[in-house]
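This report refers to the structure that appears directly beneath it.
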Amino acid sequence: GITPIVRIPKDTVHEINRYLDLGAQGVIVPHVNTAADAKRVVAEAQFSPRGHRGAASSSRASGFGLPQDADTYFRDVNKEILVLPLIEEPQAVDNLDGILTTEGIEAFVVGPGDMALAMGLGGARGHPEVEARLDRAAAAARRQGKAAGTVTGTPDGARGLVRRGFRIIIFGFTGVFVRSATEMLKAVREAAQG
């Protein structure tokens, strides 16, 4: 099956629980810059004894309490929920080995656009300094045996990221659809004109 993963807007317990209770099986959590941040967000996504997430045993995520008993649900969720730190600031890359040794973190996503902004480079997501941070992040993933992810908008970009060690590739679907629609409209205009 497909695992629904949501990029949440804030790294708060309310936001994490909100999306998990709605049925997401993973959350991409922004502004995780240290191992302490990682430990906190994992605890917010996990039920006791591994965390302090509220029970919500009759939520959408739990099948409204119908298919299984609560203890089974809590145990299974603690094994299955994905918590992916969003690495979007230089200090997060500097601290990535510590973040990745946090129990409950199996993967992460680098946000190159936010990284460029945090580095004072504006929208230059392909800047060599940003690319160097991406490479450092992929190297940390290899060292720690975790999966690194990032975003791209093209098949060539995806191939390049896989060669660099990224295993989670996120496509900016809006950009893909807009480019595709633009190309289609251009073809229609050209055909209509001549």
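The values are calculated or read from the model by the stated rules, or taken from the named source; none is laboratory data. These figures come from a predicted structure and were not determined experimentally. Don't worry about glycine lacking a Cβ; one is built from the backbone with ideal geometry, like all the others, and counts go over all protein chains shown.
Quick notes on this one:
- Criterion: at pLDDT 90 or above, of a type in the set (A, V, I, L, M, F, W, C) and closer than 18 Å to residue 105 by Cβ - qualifying residue of 118, 124, 139: 139
- Annotation note: Cβ proximity below 8 Å between a residue of segment 1-24 that is closer than 15 Å to residue 82 by Cβ and free of Cβ contacts under 8 Å to residues at least 12 places away in the same chain and a residue that is surrounded by fewer than 17 Cβ atoms within 10 Å (Cβ to Cβ) and not aromatic (Phe, Trp, Tyr) (sequence gap 6+ or interchain) occurs for no pair.
- Among residues of segment 103-128, those that are surrounded by 20 or more Cβ atoms within 10 Å (Cβ to Cβ) and within 27 Å of residue 52 (Cα to Cα), counted: 4
- Among all positions in segment 24-46, there is at least one residue which is polar (S, T, N, Q), modelled with pLDDT under 95 and crowded, with 21+ Cβ neighbours inside 10 Å.
- The listed residue being assigned to a helix (DSSP H, G or I) and either touching a residue at least 60 places away in the same chain (Cβ under 8 Å) or surrounded by fewer than 10 Cβ atoms within 10 Å (Cβ to Cβ) (or both), out of 158, 138, 192: 192
- Per the listing 124, 132, the residue uniquely outside any helix (DSSP H, G or I) and farther than 17 Å from residue 29 by Cβ is 124.
- Cβ-Cβ under 6 Å pairs, at least 6 apart or on other chains, segment 121-135 side under 17 Å from residue 166 (Cα atoms), far side outside any loop (DSSP other than H, G, I, E, B) and hydrophobic (A, V, I, L, M, F, W, C): 125/116; 130/115; 130/116; 133/93; 133/115; 134/110
- Scoring residue 8 on the criteria (1) surrounded by fewer than 19 Cβ atoms within 10 Å (Cβ to Cβ); (2) touching a helix residue (DSSP H, G or I) at 6+ places or on another chain (Cβ under 7 Å); (3) of a type outside the set (Gly, Ala, Ser) leaves a single failure, condition (1).
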